[in-house]
Amino acid sequence: VTTLLYTSPLTYFKKFVWSSPIFGALFYSVIPFVAAFLVKDNFAFPTIIFIFFAFLYAIIASSKDFEDIDGEKRHGIHSIPIIFGIETTAAALLVCEFLLLILMLFLAATHIIEFKFVAASVVSLVIFFPTAHLFWKAIKNLEKTKIVTHSDSVTYCVFFVILVQLIFGITALAQ
């Protein structure tokens, strides 16, 4: 249903600026939690971590738009990278990811969420810097690269978020 809403000629939500982050968060964070909740008895996961994952995916969802700038311009789609530019969007993406991890560290360090998430936040921050460096290099080379399936920038974004999701997920499930 969500895919049809996003791409159907009748609704074509893809043409709206903030649709990519909203649908990205929905596709990659909300749906897996709903599926896990429906399949597993007594599925309990901290709400703040669920919200954290949703924000992480909302942030990186615009990275997929880097690849199709020409096509989106041709079809009148006003994605975030088209409006603000690729480098500005990429920089904002990195800053938002970093600030979100700092927020999680603060929440854990001040016991607003469980203290065990301090370690998950620190490990995620350590992973952030080399991944951010690779991502930024891929952004700089994006115009020079012929994209066949997806770009290195998207690969690095998704790789980082999946690692963070695994780190926080394992931490949440640890006793």
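Tabulated results
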{"quantity": "Under 5 Å, built H, 5+ apart or other chain: amide partners of Ile113", "calculated": "Ala108"}
{"quantity": "Stretch gain in nm, segment Val158-Lys73, where the contour uses 0.36 nm per residue and the Cα spacing is subtracted", "calculated": "28.2 nm"}
{"quantity": "Mean Cβ neighbour count within 10 Å, used as a protection proxy, ranking 76-85, 154-163 highest first", "calculated": "154-163, 76-85"}
{"quantity": "Extension gain from Phe50 to Lys116, taking 0.36 nm per residue of separation minus the Cα-Cα distance", "calculated": "22.2 nm"}
{"quantity": "Packing-based ranking, highest mean first, of 116-124, 54-62 given that Cβ atoms within 10 Å are counted", "calculated": "54-62, 116-124"}
{"quantity": "Projected label distance in nm at Ala91 and Val123, using a 7 Å step from Cα toward the beta-carbon", "calculated": "3.3"}
{"quantity": "Projected label distance in nm at Ile170 and Trp136, using a 7 Å step from Cα toward the beta-carbon", "calculated": "2.8"}
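FYI, it's all coordinate maths here, none of it is from the lab. Source: prediction; values computed, not measured. Because the Cβ atoms are built from the backbone with ideal geometry, glycine has one as well, and the counts that use them run over all protein chains shown.
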